[in-house]
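The values are calculated or read from the model by the stated rules, or taken from the named source; none is laboratory data. Since we're looking at a predicted model, the values are computed, not measured. Cβ coordinates were reconstructed from backbone atoms using ideal geometry, including for glycine residues, and neighbour counts include every protein chain displayed.
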């Protein structure tokens, strides 16, 4: 019967980090398919149920694929070995009559089962014959397909299950039968070949054809390919399934690590460096000017700080460039330039050099600036104090003082108090251009000349009299008043005259006390006696207290005046329902029935008189008692005896006699018990022997004997050996309800009917087949084993089959040779030719050796595999920065510029080609030359006639002047605004801060311009008090004019509309005109030219200070204005504009 099996895969990680997965089939017996008490056996994913036989009075035999079918049988057995012997009952003695035997043969994994009829003697009389039938399957089917009457010598069933069915009738018995069987199993069913090996079934055995990389009988041993592999160059061999891997050290690769990795490909060296390959690395020979592992770093020649005097070093490749500070020159800034040679100090100033690139001018009095060009504005420090106006002069200034001040710098305030104008002791306070008198109290007037009458109007109140004084007055107050003006009522309550908490009320020239409760008197000093009226009643005692009294009451009374009788019943003192009657200073309790005591707290014990009779127990209750009677009595006081016979308790004719709390039954014969309800069990004395079953009867018993015994009380043993049940010469020993057969050697079974299968314990080892015999067995060994149980593995390594020092490993029916290094083959008889892999590189000749080889390298190579180019450069020095490049069997020096020779030992003489012309002397240098030119010539090769002055010699329009004809000396004459050797420095005319009064200095070339703050004007913003035209102005439409007013009154400027300004367009026109200054305003006129002169507008107006704000008022004559701000001036007309320093809100266009 086919069955399903479920595979479970359990995986683990081995130490070598290979994934090893074991596939385990779930045992089909785990699901319990066989019906108990059968036994389940499994293998190869299949199972068989070995059915059991139940013996006894009703023998039962089980069959079916799961032993779930039962049948009545007198004999039978289940066989599961691959071979066996089946005998009829009592064989070789005659079998009994009326036998029905079922023999099941179930061999797990069998392809077929063959039965051999060794002996057959049964009744064959027609119409009264016995039968032996053999058939396939798990259930007997004598009429089914494949069932045959055994008549031949052999019969084969193509199944792993078969049966033999034997029946005998009531007639003559015969010897019976002896049938043996064997089975051919599918030895590949259990998949013995591991690791994808192919299994071939053989008779009683199997053969595994292993996958590549595996060996031994079941393909479980991994062939170690590393035993015959040599990983070179330090590589480590790692065995794999059907292969190997060489784990190379850094720098090598290839199947055997035979290839040196060329780390120079691609070339890692940068900046023209030469790469030298090594083992697991490389080295770079850098070009001049570079360093680093990969020559990636430009050598910073500036690290040595070659530039002197603060020169800034700029690194170049293999060189540097010094950028000198001003005042220095030379390749490393070593030459100091003479700054005073050009006479930079003006106006009689004296020049003195101060360090590098610096000089200082000692200016003549009245001049300042780096070159003494500027007239010192002595007014710049604002020397004129107190609003004085300063007028600058040469080396001096003149102050025009404001009224009230005098002195050279208006520093002195004129003291108008010097004439002592203030009278009556007043203090004179000098002010600017005047004075002020601080009068003493009581005086007033400009000079404090008048005494003030302080009694007008009358300051004294409440009828007081006023007396005038100097700077004050005195009031004589009426009684009860005080204060400087007698306006304060004297508070007579301040001394707290009212005692004991009395409240004081002030009145004019006196006070009034309002006393606290309990006190009286003018000052509340007397305590009122509240006990005087005898307020305490019922004999209470009165104690006077402040504003009251305290009554101490007689017993039984309470209340503030002891007027109330205390109700002692208020606390409910009477218990258990008692009625409380209040009395003077006490109470009386009228108790409920059953209680007594002052407060009715005690329950009256009605049991005290022992009312309960006949030992009844009395329980006291409220106003009564209860009797708990002893058994046999009842009634309120347990006075009545109960008649227990009244219910007729005695059964089966028994007679009842009443007693105290019970009765006595006199039973009829055969009965017993308190009520005569029990039949007397005559079996209680166990009269039946030997396990007989006693059946009780009325006044008697009957014995049913156990099997094997007989007699009235089962005292006699039945002899079961009388029928001679033991077969095959066994000796019978009678036992209780049975017998025991002592079998001859080789037999077993309850009747010694079975030949012992000595093969059942599987004595044969190592896969041998066991053949059962009588009282013995024989082992048929597999190839490679011997011994009585095939327990010994034949040592196939004897004699020594492995050659050349190999190690022999004995296997099952064979051997394996582990060859010494250098040999291969099943017997290690072949020398491995290590040269076959061509390990020698670069044309080297390989000589094979045992477990190795030797490479004879070509010229220029070395190493085990001739893989390394001989580093000739390691012993060669290329001079003067030359770089050595290794060649095959040689080298090459790549010389630095300026050197030559095989080792760069020769300096190239660049003067050999006579490069210097016109008689110039050539001086050889490394990688170059210098021409010392004859006078009158210059240039790298002295090819140019000398003219020291070049167009670029002087900057900013300076004029170059050669000092000596034919020499290289010259000076630059700088234009106004510049200085320096080459006129390279723009003089900052604003450095002397010429613009005063917060004006902004705008520096130009040789000039400066001051943009003055509002209210100031003039070249240096010194002039105040009139409007200044210079700067930006905006009209109502936010059109802008930018006016520059020169010192001569010339007006120059630009005009731009608001739209043009917001869109980034330039000025739309330019204006020119003239202005004249008045004391407090400036008048002007100018013409605006637009569109290349095609449109002209004439403006006139004046600039004025209005409320401290500068305003331009203009009249214009042009075309007519329209309503759009951008079209105002496009048509002929006249109009007015108002201009401010800030943008104004857009105003409507004005009609002309």
task: Of the conditions (1) surrounded by 13 or more Cβ atoms within 10 Å (Cβ to Cβ); (2) within 30 Å of residue 581 (Cβ to Cβ); (3) out of contact with any strand residue (DSSP E or B) (no Cβ under 6 Å at 6 or more places or on another chain), residue 623 clears all except one; give me its number.
output: (1)
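Just need a number here: residues in the stretch 890-906 that are out of contact with any helix residue (DSSP H, G or I) (no Cβ under 8 Å at 6 or more places or on another chain) and in a loop (DSSP other than H, G, I, E, B).
First, pick out the residues of the stretch 890-906 that are out of contact with any helix residue (DSSP H, G or I) (no Cβ under 8 Å at 6 or more places or on another chain): 892-897, 899-906.
Filter once more, keeping what is in a loop (DSSP other than H, G, I, E, B): 895-897, 901-905.
Qualifying residue count for the region: 8.
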task: Could you grab me the full set of residues in the stretch 562-580 that are modelled with pLDDT under 90 and at negative phi?
output: 563, 564, 565, 566, 567, 568, 570, 571
message: So residue 337 passes all but one of these: (1) loosely packed, with under 15 Cβ neighbours inside 10 Å; (2) over 22 Å from residue 989 (Cα atoms). Which condition number does it fail?
response: (1)
- prompt: Inside the stretch 598-610, can you point out the residues that are touching a residue at least 24 places away in the same chain (Cβ under 8 Å) and surrounded by fewer than 16 Cβ atoms within 10 Å (Cβ to Cβ)?
  reply: 601, 603
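Residue-by-condition table, conditions (1) surrounded by fewer than 18 Cβ atoms within 10 Å (Cβ to Cβ); (2) within 60 Å of the chain's Cα centre (by Cα); (3) in a loop (DSSP other than H, G, I, E, B); (4) modelled with pLDDT of 80 or more:
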| residue | (1), (2), (3), (4) |
| --- | --- |
| 960 | no, no, no, yes |
| 971 | no, no, no, yes |
| 975 | yes, no, yes, yes |
| 981 | no, no, yes, yes |
| 989 | no, no, yes, yes |
| 994 | no, no, yes, yes |
| 1005 | yes, no, yes, no |
| 1013 | yes, no, yes, no |
message: Among the residues that make up the stretch 689-711, is at least one of them surrounded by 16 or more Cβ atoms within 10 Å (Cβ to Cβ), at positive phi and at pLDDT below 85?
response: yes
statement: residue 461 fails exactly one of (1) in a strand (DSSP E or B); (2) within 30 Å of residue 481 (Cα to Cα), namely (1)
message: Suppose we filter 337, 276, 285 for residues that are in contact with a strand residue (DSSP E or B) (Cβ under 7 Å, 6 or more places away or on another chain), in the same structural domain as residue 354 (by TED's automatic domain parsing) and in contact (Cβ under 8 Å) with a residue 40 or more places away in the chain; which single one remains?
response: 337
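Could you check, for the stretch 498-507, whether at least one of its residues is without any contact (Cβ under 8 Å) to a residue 24 or more places away in the chain, part of a loop (DSSP other than H, G, I, E, B) and out of contact with any helix residue (DSSP H, G or I) (no Cβ under 7 Å at 6 or more places or on another chain)?
Keep residues of the stretch 498-507 that are without any contact (Cβ under 8 Å) to a residue 24 or more places away in the chain, which gives 501-507.
Those still in the list that are part of a loop (DSSP other than H, G, I, E, B) too: 501-502.
Narrowing further to those that are out of contact with any helix residue (DSSP H, G or I) (no Cβ under 7 Å at 6 or more places or on another chain): 501-502.
Yes: the stretch 498-507 contains one or more residues that are without any contact (Cβ under 8 Å) to a residue 24 or more places away in the chain, part of a loop (DSSP other than H, G, I, E, B) and out of contact with any helix residue (DSSP H, G or I) (no Cβ under 7 Å at 6 or more places or on another chain).
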message: residue 739 - would you say it is within 18 Å of residue 81 (Cβ to Cβ) and touching a helix residue (DSSP H, G or I) at 6+ places or on another chain (Cβ under 6 Å)?
response: no
- request: Give the stretch 542-560 a look and list any residue that's under 22 Å from residue 528 (Cα atoms), modelled with pLDDT of 90 or more and assigned to a loop (DSSP other than H, G, I, E, B), or say none.
  value: none
query: Taking residue 883 and the conditions (1) in contact (Cβ under 8 Å) with a residue 24 or more places away in the chain; (2) surrounded by fewer than 19 Cβ atoms within 10 Å (Cβ to Cβ), which numbered condition does it fall short on, given that it satisfies the others?
result: (2)
- line: In the stretch 1015-1032, anything at pLDDT below 75 and either in contact with a helix residue (DSSP H, G or I) (Cβ under 8 Å, 6 or more places away or on another chain) or not in a loop (DSSP other than H, G, I, E, B) (or both) is listed as 1016, 1017, 1023, 1024
field: Selection count where residues are surrounded by fewer than 19 Cβ atoms within 10 Å (Cβ to Cβ), assigned to a loop (DSSP other than H, G, I, E, B) and either in the same structural domain as residue 728 (by TED's automatic domain parsing) or touching a strand residue (DSSP E or B) at 6+ places or on another chain (Cβ under 7 Å) (or both), scope the stretch 192-212
entry: 4
- prompt: Which number in (1) closer than 30 Å to residue 756 by Cα; (2) in contact with a helix residue (DSSP H, G or I) (Cβ under 6 Å, 6 or more places away or on another chain) marks the one condition that residue 723 misses?
  reply: (2)
field: Failed item in (1) touching a strand residue (DSSP E or B) at 6+ places or on another chain (Cβ under 8 Å); (2) surrounded by fewer than 16 Cβ atoms within 10 Å (Cβ to Cβ); (3) part of a loop (DSSP other than H, G, I, E, B), with residue 923 passing the rest
entry: (3)
query: Taking the stretch 159-187, which residues are over 26 Å from residue 71 (Cα atoms) and in a strand (DSSP E or B)?
result: 182, 183, 184, 185
query: Under the condition of being at positive phi and in contact with a strand residue (DSSP E or B) (Cβ under 7 Å, 6 or more places away or on another chain), which residue from the stretch 340-381 is surrounded by the most Cβ atoms within 10 Å (Cβ to Cβ)?
result: 372
